[in-house]
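Taking it in order: structure first as structure tokens, then the write-up.
The values are calculated or read from the model by the stated rules, or taken from the named source; none is laboratory data. What you see is a predicted model; the values in this text were computed from it and never measured. Cβ placement follows ideal geometry from the backbone for every residue including glycine, while neighbour counts extend to all protein chains displayed. These area figures cover heavy atoms from the full protein model, side chains too; ligands, DNA and RNA do not enter into them. Shrake-Rupley method; radii C 1.70, N 1.55, O 1.52, S 1.80 Å.
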Amino acid sequence: MEEREGEVRWDGLCSRDAATRAAALDTIGQAVLRRSETIAPEAAVPSSRAADGLLLPAARNGLSEVLARLLMLSKRCPFPDVREKSEAILGGVQELGIRIPRPLGHGPSRFIPEKETIQVGNEDAAMHTLFAESFATLGRLDNVTLVMVFHPQYLESFLKTQHYLLQMDGPLPLHYRHYIGIMAAARHQCSYLVNLHVNDFLHVGGDPKWLNGLENAPQKLQNLGELNKMLAHRPWLITKEHIEQLLKTEENSWSLAELIHAVVLLTHYHSLASFTFGCGISPEIDCEGGHTFRPPSVSNYCICDITNGYHGVDEIHASPTGSIPVSIKSVCEVEALMEKMKQLQECRDEEEASQEEMATRFEREKRESMFVCSSEDEESAPTRDVSRHFEDTSYGYKDFSRHGMHVPTFRVQDYSWEDHGYSLVNRLYPDVGQLLDEKFHIAYNLTYNTMAMHKDVDTSMLRRAIWNYIHCMFGIRYDDYDYGEINQLLDRSFKVYIKTVVCTPEKTTKRMYDSFWRQFEHSEKVHVNLLLVEARMQAELLYALRAITRYMT
């Protein structure tokens, strides 16, 4: 954070050196105290009045933002000294008669009970290293990280890739990278990611005027708007002509290396928006919707919490065990799914369908995927604060054959990530192809050989069905896969969830999350979301990279 007019500096808190952190905390404490004293009442407020809700709101001098940041640090910093000192600074402010914030909501996800997520301060040594690395890199331990950490191997790869894209040497300047992240997240009205990157954009010296709307950004970034919307909603429409337009617009043109960097960022944040909505990620504690300065009521939550969708802990987490409630019907469902997997494996061993039959099954699945939609699938107008970051707000996901439009099938045998996309990315943006490839492989191959309460289960068939179903929705076909397996393994409620999270993530609801795989652990549902994230990202990349390859040849 840049220092402006004696503004609080937070950088030292990211240090791994305890002495550096201690010095930074002392400086922060003094700066907060000075600001607090300028708005505190002349006479100290008796501590008994704190309970009456008579403390002054800290709206002036930017103090409220600083206090919200301290609240976040007191709850979410992996370094105990920072947590304790932040809490002490807040306590000192409160003693001056100034109202301090408290968190809203319960934990990093609205879908997963807080007690089932890892509590900061209770993590093991390996996880602490991961948390400390994330905090040192981002200056925060965000809610996405706290949900992804159900799968540490994937999280490590994800953080490494994201760090490289945003902060390491690359074709694009730092403020462009965060602005592109804002543009991508805004396509899905993902205010969670938009808010994070607005802060990061300003932190690296971005021009605040650009945040008033895309029309205030440089023409070069405005030109990226068309590619952004097609990648997010209809990537199959991208042609080499779109690429040519970006590369040949004279003074506002993109270089090939810059364009590859931008495409990877756009696809990264489109798919991360899917994860954010798919896992019900809560607002960060220090962001809008993550805290309140209102005092708690006697019943431990006030009317403002209720209107924001937050209810009492007992009401939300009614399950006595803290796990997803398991009914007899649910147990039967998992047994039936395992039986289908066994039968399909036996059928594979006995006979193999002809190429014609395989092609027919793919076309049937692609056609049927068009009719998978939720009962809650209504149009929702994007909010102004998010929609200003992109143009053409009416442009959204459309199925292939709507309005008689036919999109040819994309055969992976003709253009694949492994044989074509990987080398193109690595050539134009060194090391990123390798990082993405590692992340794709970890997500696709990740397994603990469990299914709900069952152990020693080979889940490869199920994981492949999920991945290929997502690619099928994008028109991407694997010649060697029998698409008849998808209908056997993925029931309607699961398909509704997958299609919503991948295509229109902003419409995902807790009901959808709860209704599929009711007998599975939350960690397994997060695992599903990792597959959705990576399969979606790879699908978008395939269309964009194929168009770039065609332009180059």
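General observations
- Averaging 1/r across all pairs of distinct Cα atoms in segment 432-507 and inverting the result yields a Kirkwood radius of 14.0 Å.
- Euclidean distance between Cα centres, segment 121-190 to segment 203-275, Å: 20
- Hits among lysines - C-alpha to C-alpha of K229 under 25 Å, sequence gap 8 or more where chains match: K209, K220, K240, K248, K366, K398, K439, K495, K499, K507
- Cβ-derived FRET efficiency at R0 35 Å, Q119 paired with K510, nearest 0.05: 0.95
- Theoretical gain in end-to-end length, D419 to A19 [0.36 nm per residue, Cα-Cα removed]: 139.0 nm
- Under 5 Å from the amide H of S109 lie the amide H atoms of S282, each residue being 5 or more positions distant or on a separate chain, with H modelled from the backbone and absent for Pro and chain starts.
- In percent, rounded to a whole number, the relative contact order of segment 86-170 is 21, using alpha-carbon pairs under 8 Å and six or more apart.
- If only the Cβ of Lys and Arg carry +1 and only the Cβ of Asp and Glu carry -1, the dipole of segment 136-271 around its Cα centre is close to 280 debye.
- Residues whose amide H comes within less than 5 Å of that of E521, counting only those at least five positions distant or on another chain, are A452 (H built at 1.01 Å from N in the peptide plane).
- Separation in nanometres of the label points that stand 7 Å from Cα toward Cβ, at R102 and N199: 2.2
- Listed peptides 268-280, 26-38, 74-86 by packing density, highest first (mean Cβ within 10 Å): 268-280, 74-86, 26-38
- Of the residues D124, D200, the one with the largest accessible area comes first in the ranking D124, D200, computed with a 1.4 Å probe on protein heavy atoms.
- At 1.567 mPa s and 4 °C, Stokes diffusion of segment 87-140 via Kirkwood alpha-carbon radius, µm² per second: 94
- Our estimate of slack between E87 and E37, defined as 0.36 nm per intervening residue step minus the Cα-Cα distance, is 16.2 nm.
- For segment 119-235, the mean projected area of the C-alpha convex hull, equal to one quarter of the hull surface, is 8.3 nm².
- Extension gain (nm, one decimal) between T249 and A136, 0.36 nm per residue minus Cα-Cα: 36.8 nm
- Amide H contacts of H291 (H built 1.01 Å from N, under 5 Å, at least 5 apart or other chain): L104
- Q345/T409 FRET efficiency (R0 25 Å; Cβ-Cβ; nearest 0.05): 0.40
- A protection proxy built from the mean count of other Cβ atoms within 10 Å ranks the segments 187-197, 165-175, 424-434, most packed first, as 187-197, 424-434, 165-175.
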